[in-house]
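Read the figures in this text as sums done on the coordinates, not as results from a lab. None of these values were measured; they are calculated from a predicted model. Cβ placement follows ideal geometry from the backbone for every residue including glycine, while neighbour counts extend to all protein chains displayed.
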Amino acid sequence: MKKLTYLVALLVLSTIGYAQTGVKKPVATAKPAAPVKVTSIEGITEYALANGMRVLLFPDQTKPTTT
């Protein structure tokens, strides 16, 4: 019977210890840098990303467009 009493007491004390832990606030992350427009020739636009990657965007006339 004493073992059960000690076990229950240990369980209650450990539960109280966990209940008192604080909640951490989420860390605010910085927004990624916006792409930089490098050049635009005949509808093809080149952008440079912050990590060094270059992206080319061009219109696709074969796809229907709705606005």
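Sorting check: for 46-56, 29-39, which peptide has the highest mean count of neighbouring beta carbons within 10 Å, and how do the rest follow?
Output ranking for 46-56, 29-39: 46-56, 29-39.
By how many degrees, 0 to 90 and rounded to 10, does the Cα axis of helix 2-19 deviate from the longest principal axis of the chain?
30
By how many nm would the segment from Ala50 to Leu13 lengthen if fully extended, with 0.36 nm per residue of separation less the alpha-carbon distance?
8.2 nm
What label, among [x] 11.9; [y] 4.5; [z] 6.4, belongs to mean projected area of the Cα convex hull in nm² computed from the structure on display?
Entry [x].
Of Gly43, Val12, Pro26, which is farthest towards the positive pole of region 2-57's charge dipole, taken about the Cα centre with +1 and -1 on the beta-carbons of Lys, Arg and Asp, Glu respectively?
The listed residue farthest towards the positive side: Val12.
Quick check for me: using +1 on Lys/Arg Cβ and -1 on Asp/Glu Cβ, what's the dipole size of the chain about its Cα centre, in debye to the nearest 20?
The calculation lands at about 660 debye.
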